[in-house]
Amino acid sequence: STQGIINDECAKGCKQDMIADGVCQQECKVSACYDDGGDCDKQNCAPGCDEGWVGDEYCDEACFVEACKWDGGDCSENSGCNTGCLPEYINDGECDTECNVAACQWDGEDCFHGASECYGESDGSDYRGVKNTTKSGKECQAWDSQFPHQHTRTHLNYPESGLGGHNHCRNPDGEAGPWCYTTDMETRVELCNVGQPWQHCKQNEIPRAAQMAGGIKCLTPTTPPSGPLARFEASCGNGESYADVCSRACCNAAKAAAACCGNDEEFQGRHQDYKMKIAFSMLKHDCQSCEAFGDFFSNVHMLDATGLGGRAMYRFVDSWGFKVLVAAFIIMLLLLCVIAASIARYVYQRRQYSIPDAAV
């Protein structure tokens, strides 16, 4: 039987299923066991971190662990605070489970550590407190977990709703109040009891969500850069890929960047230029409009309705045919300028060297 083959030993203490399993076992390191299938040839410091990646001046996330000496300094001059938590993950606007520990300062402001129970919206959409049990006392499932209940309420799909690597009650989708998926296999979702709006607010206290909305920088010069603009550029790419430009991630990143970069004097121009580039790319790829590009697509539809071009005109302007026509027009214009200059020079010379009538 198959089980019998697996249990057979090629050497004392070495079963067949121990060969080439990624672990070096000395009892299998014999020719009869094919030298443990090469498991002892090299020992990686961490799964997924190939030999030679450490200290190669390129940041490898798989190697950013203590056992690999934090990728030999490739990701940061300083040692990491926790396995899997890269320096740029902290204060990047997303709560990361790996960074949501004391050693990493609770991921900076991203996980709302220490936030009060103060909120002001009637549906609790701005609640950023730490309540993590439902009204019936069931424990909440972490938002970045897909067990025991699979779902789409993630930071990627709802970037402004305070989701991520924690299990605190939130309301990302307009329900009656803050809720969560539960860890109970029999109960998928349930509302939480977080009190009434403003009930837990101190005098003149501003809800944490409102504070955060005004405090996130458009771009933070970390290595690599972080912040809403950096995520926008990373999510949408160079505008050539349909999968990037038309993705939900691109739309969400564009929305977050618009909220933080619109009044940023240093990066406002860069944001607007890139946003316009992506808008034209979305038009070229026939992407569905999303909130961040609503005005652009409204103008396109208006031009379509008035017969002034709109979508077809934008596509033509972005096509190679239009570029060839523009190039041909420029070349023709240059030729006309050369011809005009030649004629003018000829007329001038005729006037200079013509014989006066009085001398005939």
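The values are calculated or read from the model by the stated rules, or taken from the named source; none is laboratory data. Predicted, not measured: the structure shown is a model, and the values here were computed from it. Neighbour counts are summed over all protein chains in view; Cβ atoms, including those assigned to glycine, are modelled from backbone coordinates with ideal geometry. For the accessible areas, the whole protein counts, side chains as well, though only heavy atoms, and no ligand, DNA or RNA atoms are used. Shrake-Rupley method; radii C 1.70, N 1.55, O 1.52, S 1.80 Å.
Figures for the structure shown
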| read-out | value |
| --- | --- |
| Calculated diffusion of the stretch 140-298, Stokes-Einstein form, Kirkwood radius summed over Cα pairs, 4 °C and 1.567 mPa s, µm²/s | 74 µm²/s |
| Heavy-atom accessible area per residue - the chain, 1.4 Å, Å² | 60 Å² |
| Percentage relative contact order, the stretch 1-157, counting C-alpha pairs under 8 Å, at least six apart | 9 percent |
| Percent breakdown of C-alpha pair distances by 5 Å bin, ordered from the shortest bin, for the stretch 168-217 | 4, 16, 18, 22, 18, 11, 7, 3, 1 |
| Given 135/255; 217/277; 69/255; 131/275; 135/202; 15/69, the pairs whose alpha carbons are separated by over 26 Å | 135/255; 69/255; 131/275; 15/69 |
| Solvent-accessible ranking of 90, 330, largest area first, probe 1.4 Å | 330, 90 |
| Alpha carbon convex hull of the chain, volume per residue in cubic angstrom | 343 Å³ |
| C-alpha long axis of helix 294-306 to longest principal axis of the chain, angle in ° | 40 degrees |
| Net lengthening on full extension, residue 241/residue 342 (0.36 nm per residue, minus Cα-Cα) | 31.5 nm |
| Rounded tilt (10° steps) of 248-261 against the dominant C-alpha axis of the chain | 70 degrees |
| Solvent-accessible surface ranking, highest first, for 106, 198 at 1.4 angstrom | 198, 106 |
| Given charges at beta-carbon only (K, R positive; D, E negative), |dipole| of the chain in Debye | 2120 debye |
| Heavy-atom accessible area ranking, 1.4 Å probe, most first, across 19, 339 | 339, 19 |
| Span per principal axis, largest first, for the Cα atoms of the stretch 73-113 (Å) | 29, 17, 13 |
| Rounded to the nearest 10 Å², the accessible area of residue 185 at probe 1.4 Å | 120 Å² |
| Ordering of 20-28, 227-235 by burial proxy (mean other Cβ atoms within 10 Å per residue, highest first) | 227-235, 20-28 |
| Area accessible to solvent at residue 273, 1.4 Å probe radius, in Å² | 110 Å² |
| Relative contact order, percent, the chain [alpha-carbon distance under 8 Å, six or more residues apart] | 9 percent |
| Taking the C-alpha atoms of the stretch 1-159, convex hull volume expressed per residue in Å³ | 194 Å³ |
| Degrees, to the nearest 10: 320-353 long Cα axis against longest axis of the chain | 30 degrees |
| Fraction of accessible area attributable to carbon and sulfur, the chain (%, probe 1.4 Å) | 53 percent |
| Accessible surface of residue 88 - all protein chains present, 1.4 Å probe, nearest 10 Å² | 30 Å² |
| Per-residue [θ]222 nm for the chain (sum of -39500 (n - 2.57) over DSSP H runs n ≥ 4, rounded to 500) | -10000 deg cm²/dmol |
